[in-house]
Structures are given as structure tokens and as C-alpha cells.
1. Which ones in segment 29-44 are under 12 Å from Tyr58 (Cα atoms) and either at pLDDT 90 or above or of a type in the set (A, V, I, L, M, F, W, C) (or both)?
2. Within segment 13-59, can you find the residues that are of a type in the set (S, T, N, Q) and part of a loop (DSSP other than H, G, I, E, B)?
3. May I ask you to list the residues in segment 49-59 that are loosely packed, with under 14 Cβ neighbours inside 10 Å and out of contact with any helix residue (DSSP H, G or I) (no Cβ under 9 Å at 6 or more places or on another chain)?
4. Can you name the residue in segment 60-82 that is within 15 Å of Val19 (Cβ to Cβ) and not polar (S, T, N, Q) and, of all such residues, is surrounded by the fewest Cβ atoms within 10 Å (Cβ to Cβ)?
Amino acid sequence: MLLRTLLKYLMPITTKTGVLIKTDVATKIYLVQELEKQAQNIVIMDIDDRHLFIKKEYLNQVSEKVQRFKEEHAWEKQNKGAQNFQDF
């Protein structure tokens, strides 16, 4: 009992509530770079190359950044390549 009381005062445990985000590597790199530019500490923990743990209240802002990144870096496959090849 005494040991438990001492540990409670010597080693305080802090917890943080947040949201775990899983993305592809390129999107995560972009997110980290964009979020570091801001004054708020949005990222709680950079877990690995695909996962970020962020503050819950910034989820909408981060989702918008991901959506913008995907729109800017997306491309559509066109089937015209095969038709153009036959024209030669």
C-alpha cells in the first residue's frame, strides 16, 4: 500500500484523448509538414510512417487538408491510349 502511494506521487500518469489517423505514406508526410507550420500542437504522437495521433478537436481541419491533398494529387486513368495506338 505504501509503495503504491509513493509511485502515485513519483510517477504521475498523463493521458491524452485524440484520434488515430491511418493514411498512406505520402499523405502522412504532407500532413506532418502542414501541421508543423501551424502554431497549435495538433499532433500528439507521430507513431510510424502511416499513423498519426492527433487532438480530437482538429479532426475536421486535418480531414480537409487530406481531402485537398488527394484532389491536388489524383489522376484519372484514360482509356484513350489504346484507341490512339490503333490510329497509328
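The values are calculated or read from the model by the stated rules, or taken from the named source; none is laboratory data. Predicted model, so just to flag it, every value in this text is computed and none were measured. FYI the Cβ positions are ideal-geometry reconstructions off the backbone, even for glycines, and counts take in every protein chain you see.
1. Leu35, Ile42, Val43, Ile44
2. Thr14, Thr15, Thr17, Thr23, Gln38, Gln40, Asn41
3. Lys56, Glu57
4. Restricting to residues being within 15 Å of Val19 (Cβ to Cβ) and not polar (S, T, N, Q), the top hit is Glu64.
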